[in-house]
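The values are calculated or read from the model by the stated rules, or taken from the named source; none is laboratory data. The structure displayed is predicted, hence computed values, not measured ones. Here the Cβ is made from the backbone with ideal geometry for all residues, glycine too, and neighbour counts use every protein chain on show.
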Amino acid sequence: MEFIAYFGNVFEPTAFLLLLGGTIGGLILGATPGLSPTMAVALLIPFTFQMTAAHGLILLGAAYTSTVAGGAVSAVLLKIPGAPANVATSLDGYEMAKRGEGARALHLSFLSSGVGGVLGVLLLIFLTPLLSRWALAFGPSHLFWLAILGVTVIGSLDSRSFVKGLLSGCLGLWLAMIGYDDIQGAQRFIFTDSLAGGINFIAAMLGIFAVPQVLDMFAKGRSTAAVVSIKVSPQSVGDSMREIGRSGRALSIGTVIGVIVGLIPGVGGQIAGLVAYDQTRKMSPHRRKFGTGHSEGVIAAEAANNAMVGPSLVPLLTLSIPGSPTAAVLLGGLLIHGIFPGSDLFDNHPDVAWTFINSMLIGQIMMVIFGIMIASWAAKIARAPQPVMAAAVVILAIFGTYSVQQSMDDVLIMLVLGVGMYFFEKFGFSAAPLVLGLILGPIAEANFIQGAMIAEAGDGALPYFFGGVMNLFLIVLIVASVGYSFWSNVVHARDRTEAPRPDNPIEVTP
Amino acid sequence: MTTTTTANRMQHLVPASAVLALAAGVTFLSFTQEPAEAFLFPRVIAVAMLVLAVWNFARAALGLARVGSGVSLRPFLNILPGLAVVVALIFAGLTLLGFYAASFLGFLAIYTIYDPVPLTHGGGWLRRIAVSAAFMMVIYALFARLLQVQTPQGLLF
């Protein structure tokens, strides 16, 4: 119950203001189509430089929580999911909105997000210290395999093609090696002066997550396609709360699935929402109503995608393996303050760890309150003009990147990586494993070198890196994640040759 | 979840070739550069990258690469003007004119290029200029005042 001792820190004026700003800002960013939670968190990282680690993480955590929930606004009102996590929400939410029940759908979204989110964070509170104690026993070989596991899990599970996912992870690991070698002081892969300082990972994150989204907005051209305007009529919050109380089945299925999916590294909210929606539909006596504006669909999907947030931080805060792409960006936010996840975080910086986790708990409650408050004028946010958003993200990315080291080289690197990523994404390469490779690369290398030195003094590299229960366990996990992904790719390829089933309502073509 | 596949074999071959060439170059450099100790870890990664890149290239060459929508001409042409503004901003505008002045012009240019409101519409111009100016004031307050980031001044501001 150590976390209770740090609850007061969240209510310090600066911390609370950051939580408030992160929550409201996150809801607005999440409600804006085209701005993903990962990009929103990446754009905020430069602002956390001058903050304390706890304050920076509060801001990033609040933005993470509320962008996922805020994505429901455009999913419900425009049928354009604000984030990939809200795809399932749009299936019934939009139908409700068309019937004039937009406010009800939004209330149910935020309330179920809040319930799922709080339970998810509670799991984070109780599970993380246990796992971080376990992480204390890790030596260099284990940490090396853990870093590789982080890249392979995200590379194989988060990607549509596991070869391209793993290749993206390798590219990230290689990008991390550009610059001067810390131990030998040797130059590595410096082809131009701009790369002499290596690749700043904030520049890389902003480029990789923000620039492709801007280019996607550019690709639509001077789009005049009218967005169907849906009027949001006032709705009693009390009625929505009573409805949530009566929807225990959808709420619990959504929450349990969200928690499980969140704990699996690399899977992410989109899958949580879709799986929860599908399972709730299968278990519901009203399954035929799903897809026609049935509130259970909205409740299950939103409970799941926010229940995923807390558990997705469990592997991150204990083992440095992010549970989602946004958690990977949060890992970067931790590392810039010189804090390493695991026992270092909980033993040496318990104030940072617990203030951050507690703020996530309070943030979930604030997200519900402000989410319901913005529901009445949410339609305006969701219709923010795309050219303004594109221009704003470009300028924010440039200023954010430049502000890190006052370097135009970083801005250049941001642009090159971003444009490259846009085109590579069009061919199935993934951003998340690349960024994770970039973040975990130095950790993997430092432990690889340290392990090689220990092995040299002992029985050699083979027994050191491949011997012992823990090494073998981690290697089995790496092989299993790659193997599972390979198998699911083969099955998926086989399925593609079969005719699509007309009764499957959750097939989504992005 | 299904993914629409529109990219043909030739389109898949372009990124697959680029990645293969990069992986081959990284592998070559990792095994030829000195001191060898500094390239120990890069060698491990380079070999893994090369194996995966060869696999990926083979799949593309055999027409087995199916993931990804590829790039079609219309969206590509739509991107070019906006990207040109961003490139001009980064390579010349920011240092020549100053960060804030150039960013204002860049914001206005992007907004104007992609705004569906006709250019002949007077009110449209007024809104674009007002939004660009308001946004830059927020950026100035955030970066110059709050974060105290020193930016090159250039000819203007």
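A few remarks follow.
- Filter result for A:Ile208 (buried (at least 20 other Cβ atoms within 10 Å of the Cβ), in a loop (DSSP other than H, G, I, E, B) and either in contact with a strand residue (DSSP E or B) (Cβ under 9 Å, 6 or more places away or on another chain) or at pLDDT 85 or above (or both)): no
- Where B:Ala101 falls short, out of the listed (1) of a type in the set (Gly, Ala, Ser); (2) in contact with a helix residue (DSSP H, G or I) (Cβ under 6 Å, 6 or more places away or on another chain); (3) more than 7 Å from every other protein chain (Cβ to nearest Cβ): (2)
- Answer from A:Gly441, A:Gly458, A:Gly451, A:Gly418 - the residue that is in contact (Cβ under 8 Å) with a residue 12 or more places away in the chain, of a type in the set (Gly, Ala, Ser) and more than 10 Å from every other protein chain (Cβ to nearest Cβ): A:Gly451
- Some residue of the range B:68-78 being more than 21 Å from B:Ile129 (Cβ to Cβ) and among the hydroxyl-bearing types (Ser, Thr, Tyr): yes
- The conditions of being in contact with a helix residue (DSSP H, G or I) (Cβ under 7 Å, 6 or more places away or on another chain), among the acidic types (Asp, Glu) and surrounded by fewer than 20 Cβ atoms within 10 Å (Cβ to Cβ) are met by A:Glu2.
- Applying the criterion of being among the polar types (S, T, N, Q) and either more than 17 Å from A:Trp377 (Cα to Cα) or surrounded by fewer than 24 Cβ atoms within 10 Å (Cβ to Cβ) (or both) to the residues of the range A:74-122, the residue that is modelled with the lowest pLDDT is A:Asn86.
- Test: residue in the range B:7-28 that is over 30 Å from A:Ala85 (Cβ atoms) and either within 7 Å of chain A (Cβ to nearest Cβ) or among the basic types (Lys, Arg) (or both): yes
- Reported count of residues in the range B:56-80, each being crowded, with 16+ Cβ neighbours inside 10 Å and either on the phi < 0 side of the Ramachandran plot or part of a helix (DSSP H, G or I) (or both), is 12.
- For the range B:116-138, the criterion of being facing another protein chain (nearest Cβ under 8 Å), small (Gly, Ala, Ser) and part of a helix (DSSP H, G or I) is met by at least one residue.
- For the range B:57-88, the tally of residues that are facing chain A (nearest Cβ under 7 Å) and touching a Leu at 6+ places or on another chain (Cβ under 6 Å) stands at 1.
- Restricting the first member to the range A:112-133 and to residues that are closer than 23 Å to A:Val237 by Cβ, and the second to residues that are of a type in the set (Ser, Thr, Tyr), the beta-carbon pairs closer than 7 Å and six or more apart or on different chains are A:Val115/A:Thr255; A:Gly116/A:Thr255; A:Gly117/A:Thr65; A:Leu119/A:Thr255.
- Positions within the range A:180-196 being small (Gly, Ala, Ser) and either touching a residue at least 12 places away in the same chain (Cβ under 8 Å) or out of contact with any helix residue (DSSP H, G or I) (no Cβ under 9 Å at 6 or more places or on another chain) (or both), in sequence order: A:Ser194, A:Ala196
- Options A:Ala384, A:Ala446, A:Ala392, A:Ala432; residue that is within 13 Å of chain B (Cβ to nearest Cβ), assigned to a helix (DSSP H, G or I), under 22 Å from A:Met217 (Cβ atoms) and among the small types (Gly, Ala, Ser): A:Ala392
- For the range B:89-98, a tally of residues being at the interface with chain A (Cβ under 8 Å from one of its Cβ atoms) and either among the hydroxyl-bearing types (Ser, Thr, Tyr) or touching a residue at least 12 places away in the same chain (Cβ under 8 Å) (or both) returns 3.
- Residues that are modelled with pLDDT under 85, surrounded by fewer than 24 Cβ atoms within 10 Å (Cβ to Cβ) and not acidic (Asp, Glu), drawn from the range A:156-185: A:Leu157, A:Arg160, A:Ile183, A:Gln184, A:Gly185
- Subset of the range A:269-300 (residues that are away from chain B (no Cβ under 14 Å) and within 26 Å of the chain's Cα centre (by Cα)): A:Ala276, A:Gln279, A:Thr280, A:Arg281, A:Ser295, A:Glu296, A:Gly297, A:Val298, A:Ile299, A:Ala300
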